[in-house]
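Here is the structure we will look at.
Just so it is clear, none of the values below were taken in a lab; they were calculated from the coordinates. Keep in mind it's a predicted model, so treat the numbers as computed, not measured. Here the Cβ positions follow ideal geometry from the backbone for every residue, glycine too, while neighbour counts run over all protein chains shown.
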Amino acid sequence: MTAPDVRTVRVRFDGLCVSVESSAPEVLAEVERAFRAMVVDPPRGGDVDTVVATLSVTRLDDGYEISKSGAEAAERGPLAEVRRAIRYHTTRAFLEARTEWFWVHAAAARRGGRGVLLPGSRGSGKSTLVTALVRAGWRYLSDEAVPLDPASDRAVPFPLTPEVRMGPRRSLSREAVSALCKREGALDRSAICREPARITEIVFVRFAPGVSAILEPVTAGEAALQLLDGCLNFQHLGPRAVRYAAEAAGRLAARRLTFGDEDAAARLLDGPAGAAGTAAS
Amino acid sequence: MADSSFAEAIPRRIDGVLEAGLPDELLLHVPGDSTASVLNATARAVWELCDGRRSVEAIARELAQRFDAAPGEILTSVRDAVRDLARLQLLALSSPDGTPG
């Protein structure tokens, strides 16, 4: 009996590549779903991109094992856990190859000359909101991690497939939020922004059932603290992160968007009040 | 520390604290620490006068003059700000004779 063929899926970002190898087609299908807009064909005639990590996923009798090049320990779990681990390790590999940028736990979208950074903690509604913005005609930059160039405030596109939590429209504990199933947000390839976009405003996102959509100003101090709280590579940047958070918070308009209806929230951001200042809907 | 003796305490900014200016506020971070703090305009004014030479009372007098306010009113705010900053380990306190507070 011959061994099953090992196939490779490559995920590309900014001239870098993460390779995911497996003989399990369901694993490779998960990678292609999670990074649909970032998957590239294998190179012909030599690598153009720099491979920054290789993930190997093996199917076991009771689940899967995922190992990363250079890592000491492998992780084991069911397919859903493998999907989560692949998203995490792939993002982490790109982040560690581009530590000069300020990586923030956020979604981001662009429309015309407006670039909106949407920081928020897990379960805050970032993915739900950014998919609503795309439905409203905005262009998609990311739903999870946004690399910002501190020299220009430009967000480099990191277009993972957005994942929207499915659950009751009411307040849940953090643990309950984490346990919710996710579904992929519909994303047309034409909606993906492929060029860096300058961030012109910061909108901190908070999901609140029962609220339509409210936009309120945030002080520069609070914006700086929340940016630092969402910084994914603070250990690499240290003082530079602090300085950039303060500069960005002082320079960019910062507001908080509380919403229970993501389409109402998208209309609010889209409208004149959303573009100009505080508004309630 | 009792309020009366606290007024004589001399606060000094801890060395190495990173400061990043904001429009009306100040962001502070101790390298190696996992937290950051934001000072509002009042706390920022107090912080900037904590040079290891002025007492809490002297800081209050100077700010009262600057903002044309009653020294007694300002002293409470200054005392509270210094206590908060000391609790966050951003300030060191000493007595007039140099003994650490």
**Study point:** Shielding of B:22-32 by partner chains, average beta-carbon count, 10 Å
**Key:** 5
**Study point:** Förster radius 22 Å - calculated FRET efficiency between A:D61 and A:V6 (Cβ-Cβ, nearest 0.05)
**Key:** 0.75
Practice item. Can you tell me how much longer the chain between A:S121 and A:R240 gets when fully stretched, taken as 0.36 nm per residue apart minus their C-alpha distance, in nm with one decimal? Key: 40.6 nm
Exercise for review: Please give the helix A:220-229 orientation as an angle from the longest Cα principal axis of chain A, in degrees from 0 to 90, rounded to the nearest 10.
Suggested key: 10
Review point. Add -39500 (n - 2.57) for each DSSP H run of 4 or more in chain A, then divide by its residues: what number comes out at 222 nm, to the nearest 500 deg cm²/dmol?
Key: -9000 deg cm²/dmol
Revision key, fill the gap. Distribution output for the stretch A:48-176: share of Cα-Cα pairs per 10 Å bin in percent, first bin at 0, values 11, 34, 33, 19, 3, 0
Practice item. About the Cα centre of the stretch A:89-133, how large is the charge dipole given +1 on each Lys and Arg Cβ and -1 on each Asp and Glu Cβ? Please answer in debye to the nearest 20. Key: 200
Check your understanding: Which FRET efficiency, nearest 0.05, do A:S190 and A:A74 yield, Cβ-Cβ r, R0 30 Å?
Key -> 0.20
Check your understanding: Quick one: putting +1 on the C-beta of Lys and Arg, -1 on the C-beta of Asp and Glu, what dipole do you get for the stretch A:1-102 around its Cα centre, in Debye to the nearest 20?
Key -> 280
Study note, to complete from the structure: Among B:A45, B:A69, B:A58, the residue whose Cα sits farthest towards the positive end of the charge dipole of the stretch B:1-71, when +1 is placed on the Cβ of each Lys and Arg and -1 on the Cβ of each Asp and Glu, is B:A58
Review point. Can you give the alpha-carbon Rg of chain B over 2.2 N^0.38 Å, where N counts its residues?
Key: 1.03
Practice item. With only Lys, Arg, Asp and Glu charged, each at its Cβ (+1 for the first two, -1 for the last two), find how big the charge dipole of chain B is about the Cα centre; round to the nearest 20 debye. Key: 120
Review point. Taking R0 as 25 Å, what's the FRET efficiency between B:T99 and B:D15 from their Cβ-Cβ distance, rounded to 0.05?
Key: 0.85
Review point. When only DSSP loop residues count, what trypsin sites (Lys or Arg not before Pro) in the stretch B:1-79 have their Cβ near at most 12 other Cβ atoms within 10 Å?
Key: B:R53
Point to revise | Percentage, to the nearest whole number, of Cα pairs in chain A over 24 Å apart | key: 51
Check your understanding: Scanning chain A for GluC sites (Glu not before Pro) in DSSP loops with at most 16 other Cβ atoms within 10 Å, what's the longest stretch left with none?
Key -> A:101-281
**Study point:** Mean residue ellipticity (222 nm) of chain B, computed from DSSP H runs ≥ 4 via -39,500 (n - 2.57), nearest 500
**Key:** -12500 deg cm²/dmol
Exercise for review: Give me the angle, in degrees from 0 to 90, between the Cα long axis of helix A:239-251 and the longest principal axis of the Cα atoms of chain A, rounded to the nearest 10.
Suggested key: 40
